[in-house]
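Heads up, the thing below is written out as structure tokens.
The values are calculated or read from the model by the stated rules, or taken from the named source; none is laboratory data. This structure is a prediction, so every number in the text was calculated from the model and none was measured. Cβ atoms come from the backbone with ideal geometry, glycine included; neighbour counts cover every protein chain shown.
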Amino acid sequence: MPKEMVNLVFAGHVDHGKSTLVGRIFYERGEISDQMLQRLERHAEAVGKGTFHFAFFLDTSLEERRRGITVETSYKGFETESRRYNIIDAPGHKDFVKNMITGASEADAAVLVVDAKETSTSGAAPQTREHIVLLNALGIDRLVVAVNKMDTVAYDRESFDLCKMEIEHFCEKMRYEAGQAATYVPISGLLGENISKPSQHLPWHDGKPLLAVLDSLELPERPIHLPLRMPILRAFSVPGVGSVVAGRIETGAVRPGDRVVVAPYPGTGVASGEVKSIQWQHVDVESASAGDDVGIMMTKLERGFVARQVKKGAVLGVPADPPRACRRFKAEVLVVDHPTGIKAGYTPYLHVHQAAMPCRIVNVILARDAHGEAKKIDDESRLKDGDSAVVWIETDKPLVIEPVAKCPRLGRFVLRDGRTVATGLCIEPDFTS
């Protein structure tokens, strides 16, 4: 692609203003016309959500608009003079954390949105905390904290400083280095204060406005030299055109005419085809590489390739070094939040890149407490919050997962059981299972 792509997820607690901020950013960038804004305002008034008009730009379903919350993760792009942005608007409600993980799995950087009034008076909200844990677990090492709704605290500097202290303290507790080094920006998404230009209401803030901060983010190194790996977010067939798979390329590069494979695939285990074209935001591009979120149209399909058979979480690769699926792998896990502790036989839900499925901790090889001291391992011993362990995990279905040393983005995972109970790193897949 002619310009580098930034995959940017907006995360944070429900009702802290993520979708409104995203809509405001698109308005500031000229992506929302005055006519469209007026139409969004009418729709917001019609459902009794008068101040949600910017949020309705990406919250397009009737359920989302009536409830006033984001349910599905939304993706929308725009360009600046030097970059392409893929904006990922993630849900903040606790019932839709799995959708938040889907979006955050594709991100290079994150904007954590916090409510200035609520955070300064009551501390970091529950989903703010869980989202910080998830961003850390998924390896997102560039973070901007947008202290939103500053108008509700009269643009008070002390309230901003209290918010900053709360987030910094929790990030330090979670050993989230990106959180400790984050850039904090006071804003009002609804009123557009300190978004594209400095606000006169914030004379005490000597930093850049939000969009300038985003433009200055240093992007991670792109592992273009590694074999192609693209976790598939969605796959579908276009009548009369062909099969399409979409997702973010984590490693390698691809061009039209390349042979590619998909794994796991029902029955044969792997399916193959040829790349016909590549699109970003419905525009054809000549190639795509690590960091690009694209749609790939396939042709000359072999081994019975059918798009509807490709499940979310399958991985696109190259025949010379194809992705391999397994049902068992060794991992290092860190328990972050479980009321009674976990032990061998525990059956949480596993999230890794775009894949999600039930799993079972088969056995614990070794364990350490929060202070790094070895723990006794037997049938009754449990791993408590702060404990780490090396374990074997077995999944219900074949799964492409790679050692974190080989491909970090395909080796980091999260275990959930109504909440995020543990984070982990794959050490060794067992391809004999």
- Query: Does any residue of region 260-283 turn out to be touching a helix residue (DSSP H, G or I) at 6+ places or on another chain (Cβ under 7 Å) and farther than 30 Å from L40 by Cα?
  - Reply: yes
- Task: Collect the residues in region 239-268 that are more than 27 Å from the chain's Cα centre (by Cα) and modelled with pLDDT under 85, keeping them in residue-number order.
- Result: P239, G240, V241, G242, G267, T268
- Query: Would you call D378 free of Cβ contacts under 8 Å to residues at least 12 places away in the same chain and not assigned by TED's automatic domain parsing to the domain that holds V270?
  - Reply: yes
- Taking region 328-349 as the region of interest, how many residues are farther than 16 Å from P403 by Cα and touching a residue at least 12 places away in the same chain (Cβ under 8 Å)? 15
- Message: I'd like the full set of residues that are modelled with pLDDT under 95 and in contact with a Gly (Cβ under 8 Å, 6 or more places away or on another chain), limited to region 89-118.
- Response: D89, A90, G92, M100, E106, D108
- Query: Just a yes or no: is a residue in region 169-178 in a helix (DSSP H, G or I) and surrounded by 22 or more Cβ atoms within 10 Å (Cβ to Cβ)?
  - Reply: yes
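Listed here are the residues, each with its yes/no results for (1) among the charged types (D, E, K, R); (2) without any contact (Cβ under 8 Å) to a residue 40 or more places away in the chain; (3) in contact with a helix residue (DSSP H, G or I) (Cβ under 8 Å, 6 or more places away or on another chain); (4) surrounded by fewer than 24 Cβ atoms within 10 Å (Cβ to Cβ).
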| position | (1), (2), (3), (4) |
| --- | --- |
| N7 | no, no, no, no |
| H13 | no, no, yes, no |
| E41 | yes, yes, no, yes |
| A44 | no, yes, yes, yes |
| S61 | no, yes, no, yes |
- Considering only residues that are touching a strand residue (DSSP E or B) at 6+ places or on another chain (Cβ under 8 Å) and of a type in the set (D, E, K, R), look in region 195-246 and name the one that is farthest from K406 (Cα to Cα). K208
- Message: With the requirement that a residue be on the phi < 0 side of the Ramachandran plot, assigned to a loop (DSSP other than H, G, I, E, B), within 25 Å of the chain's Cα centre (by Cα) and not polar (S, T, N, Q), what does region 339-386 give you?
- Response: P348, D385
- Note on the structure: Note on region 1-33: residues aliphatic (A, V, I, L, M) and either assigned to a strand (DSSP E or B) or within 17 Å of the chain's Cα centre (by Cα) (or both) are M5, V6, L8, V9, A11, V14, V22
- Task: Would you be able to tell me the number of residues in region 132-152 that are under 10 Å from the mean Cα position of the chain (by Cα) and either of a type in the set (V, I, T) or within 18 Å of I187 (Cβ to Cβ) (or both)?
- Result: 1
- Message: Test of understanding: among F96, F78, F26, which residue is hydrophobic (A, V, I, L, M, F, W, C), free of Cβ contacts under 8 Å to residues at least 40 places away in the same chain and within 24 Å of V147 (Cα to Cα)?
- Response: F96
- Note on the structure: Subset of region 20-57, residues out of contact with any Gly (no Cβ under 9 Å at 6 or more places or on another chain) and of a type in the set (S, T, Y), comes to S33, T51
- Message: Just to verify a result, which residue in region 179-223, among those that are surrounded by 14 or more Cβ atoms within 10 Å (Cβ to Cβ) and among the acidic types (D, E), is modelled with the highest pLDDT?
- Response: E193
- Across region 42-70, what is the number of residues that are under 24 Å from G12 (Cα atoms) and part of a helix (DSSP H, G or I)? 10
